[in-house]
Amino acid sequence: MHPLLTIILAAGKGTRMKSALPKVLHPLAGLPMVCHVLQSARSAGAGLSAVVVGPGMERVAREARQEAEDIQVFVQEDQLGTAHAVLAARPLLERHAGDVMVLYGDTPLIGGKTLKALRAALDDGAAVAVLGFRPADPKGYGRLLTNGVGDLVAIREENDASEGERAVGFCNSGVMAFRTPHLLSILDRISDKNAKGEFYLTDVIEIARADGLRAVAIECPEHEVIGVNSRDQLAAAEVAWQKARRREVMLGGATLIAPETVWFSYDTRIGQDVVIEPNVFFGPGVTVEDRVTIKANTHIQGFDQKSRAGVVIRSGAEIGPFARLRPGADVGADVHIGNFVEVKNVKMGTGAKANHLAYLGDGEVGADANIGAGTIFCNYDGYFKHQTVVGSGAFIGSNSALVAPVKIGDGAYVGSGSVVTKDVPGDALALTRASHVERPGWAAKFRAMMERRKSGRAAE
Ligand code: UD1
Ligand code: MG
């Protein structure tokens with residue numbers, strides 16, 4: 001067996017992003033780019049991963065550790081090139097006996113399957129395998145130079161390439177795999193005598209061949225190796241990711257009426273026979289069970305850093321149009337959440353309904369309860385959040401304010417327009433509005449009096 005170590009290069013500052021955030025932490029589908037790469041490494045069988053960061057990039061290390069607890073972090077003090085970056089992980093390379101794969105933190109769309117194919121080239125006898133692609137525009141990439149029998153003989157960086165070499169359309173993605181006990185010795189022999197004055201990882205090929213080792217190139221589709229250097233490239237990578245994910249979701253048995261308008265997160269789980277109407281957004285940490293319908297223009301925020309809680313929409317529920325589900329919304333089976341209803345940190349029992357214009361924040365709604373239009377859970381007193389509990393089968397009349405902490409018992413009624421500040425027992429009626437007063441004929445008399453007054457003034 002050859003245990004796999006992956007080294008993810010992420011020391012570049014990404015100045016073209018024009019951001020206070022290190023480039024590899026910019027999110028793609030709600031997850032930092034570097035974490036996508038870590039996930040792919042794991043699905044390719046990486047036992048151990050290391051990330052190489054620049055000085056002051058502790059946040060990258062933190063995020064990477066959240067993705068993979070045992071990740072090793074190395075700091076590359078000066079960015080002297082890709083080979084120099086790999087050597088920042090020297091202590092690990094000295095201890096590791098097995099395969100090594102180098103990935104870039106800013107190439108987030110690389111798939112685990114492709115990495116496995118690259119590794120298979122090592123099983124076929126190569127000491128070095130490079131992932132190549134044929135971009136529409138090869139400008140800026142290193143060119144893969146192969147010989148008649150399909151071996152890779154060199155990678156030439158564009159700045160160092162002859163005219164003939166530049167005409168080659170087969171390019172280096174940057175992803176490389178190694179099976180040689182001599183990798184460190186090869187890396188140590190790389191020099192910086194080139195146009196950029198950097199230690200190029202790509203020089204590994206010629207040195208390995210001089211040592212009698214075999215190098216090969218494996219081709220992959222361009223969209224898997226899109227590199228992100230700027231925000232427009234980030235948006236292009238997001239589009240590519242979303243396109244692939246929508247397809248997967250549809251193949252998994254969900255209907256997307258206008259797929260190009262639905263935005264998933266890296267971890268969105270969608271069940272079977274789910275229908276998603278146009279313009280729906282999923283933040284991280286959302287699970288949608290079978291037979292759920294999500295109507296147009298619904299925003300499902302999901303997980304956030306503060307609450308660490310996601311959103312669950314259980315089977316048969318109907319959400320939207322224009323609904324908003326925030327962290328901790330646990331929407332029970334067959335629940336209806338209608339237009340302009342916001343739900344945050346509330347567990348809703350089976351069959352409960354909140355069909356129009358409501359804020360349900362912090363609490364519980366029992367099974368089959370009905371929350372009328374305009375109901376507000378007044379959960380915040382300016383200092384603390386409090387719970388509202390609505391019992392099963394309770395009916396909350398329209399335009400009611402439930403001032404938390406408060407409990408409405410099972411089967412109780414709250415009359416429309418009430419401001420409820422005390423607990424209501426089960427099956428009781430609570431009414432806190434002013435009582436209804438009626439004066440027969442008052443309006444007609446009032447109008448007659450005012451008309452007289454007006455005509456009297458006109459005569460003056
Ligand atoms: C590199 C390859 C090129 C390939 C291209 C694909 C080399 C010499 N060239 O060029 O053949 O076609 O990628 O996108 O390898 N990094 C560090 N420390 C450093 C330098 C780089 O961590 O000192 C990291 C960067 O953060 C980045 C990656 O390595 O994630 C690639 O570096 P970059 O400078 O973008 O290399 P390219 O010029 O694009
Ligand atoms: Mg680059």
**Request:** Being of a type in the set (D, E, K, R) and either more than 16 Å from ligand 2 (Cβ to nearest atom) or under 20 Å from A210 (Cα atoms) (or both) is the filter here, so list the residues in segment 134-159 that pass it.
**Result:** R134, R143, D151, R156, E157
**Item:** Listing of helices (runs of 4 or more DSSP H) fully contained in segment 31-104 that carry 3 or more residues being of a type in the set (D, E)
**Value:** 58-67
**Request:** Evaluate the following for V153: is it surrounded by fewer than 18 Cβ atoms within 10 Å (Cβ to Cβ) and more than 30 Å from the chain's Cα centre (by Cα)?
**Result:** yes
**Search result, residues across segment 156-188 that are surrounded by fewer than 17 Cβ atoms within 10 Å (Cβ to Cβ), in contact with a Leu (Cβ under 7 Å, 6 or more places away or on another chain) and modelled with pLDDT under 95** = none
**Complete:** How many residues of segment 396-417 are at negative phi and either among the β-branched types (V, I, T) or free of Cβ contacts under 8 Å to residues at least 24 places away in the same chain (or both)? The answer is 11
**Message:** So the check is Cβ under 6 Å with 6+ separation or different chains; which pairs have a first residue in segment 157-174 that's touching a residue at least 60 places away in the same chain (Cβ under 8 Å) and farther than 17 Å from F199 by Cβ and a second one that's more than 8 Å from ligand 1 (Cβ to nearest atom) and not hydrophobic (A, V, I, L, M, F, W, C)?
**Reply:** none
**Fill in**
If we keep only residues of segment 207-243 that are free of Cβ contacts under 8 Å to residues at least 24 places away in the same chain and surrounded by 14 or more Cβ atoms within 10 Å (Cβ to Cβ), then the residue nearest to the chain's Cα centre (by Cα) is A236
**From R143, R90, residue being touching a residue at least 24 places away in the same chain (Cβ under 8 Å), near ligand 1 (Cβ under 10 Å from one of its atoms) and charged (D, E, K, R)** = R143
**Fill in**
The residue from V52, V100, V60 that alone is surrounded by 22 or more Cβ atoms within 10 Å (Cβ to Cβ) and closer than 23 Å to K196 by Cα is V52
**Request:** Scan segment 189-206 residue by residue and report those that are away from ligand 2 (no atom under 16 Å from the Cβ), touching a residue at least 60 places away in the same chain (Cβ under 8 Å) and buried (at least 16 other Cβ atoms within 10 Å of the Cβ).
**Result:** I190, D203, V204, I205
**Message:** So V130 ticks every box in (1) surrounded by fewer than 23 Cβ atoms within 10 Å (Cβ to Cβ); (2) within 11 Å of ligand 1 (Cβ to nearest atom); (3) in a strand (DSSP E or B); (4) not aromatic (F, W, Y) but one. Which box is left unticked?
**Reply:** (1)
**Message:** Being closer than 23 Å to E289 by Cβ and among the polar types (S, T, N, Q) is the requirement here; does N379 meet it?
**Reply:** no
**Prompt:** Which residue, of A20, A29, is closer than 20 Å to V286 by Cα, more than 14 Å from ligand 2 (Cβ to nearest atom), under 21 Å from the mean Cα position of the chain (by Cα) and among the small types (G, A, S)?
**Reply:** A29
**Fill in**
Going through segment 38-74 in order, the residues found to be without any contact (Cβ under 8 Å) to a residue 24 or more places away in the chain and either more than 12 Å from ligand 1 (Cβ to nearest atom) or in contact with a Pro (Cβ under 6 Å, 6 or more places away or on another chain) (or both) are G56, E58, A61, R62, R65, E69, D70, V73
**Prompt:** How about segment 373-405: which of its residues are surrounded by fewer than 21 Cβ atoms within 10 Å (Cβ to Cβ), in contact with a strand residue (DSSP E or B) (Cβ under 8 Å, 6 or more places away or on another chain) and small (G, A, S)?
**Reply:** A373, G374, A401
**Message:** Go through segment 82-132 and report how many residues are touching a strand residue (DSSP E or B) at 6+ places or on another chain (Cβ under 7 Å) and within 16 Å of ligand 2 (Cβ to nearest atom).
**Reply:** 13
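The values are calculated or read from the model by the stated rules, or taken from the named source; none is laboratory data. If you're wondering where the values come from, they're calculated on a predicted model, not measured in any experiment. All Cβ positions, glycine included, derive from the backbone under ideal geometry; neighbour counts span all protein chains shown.
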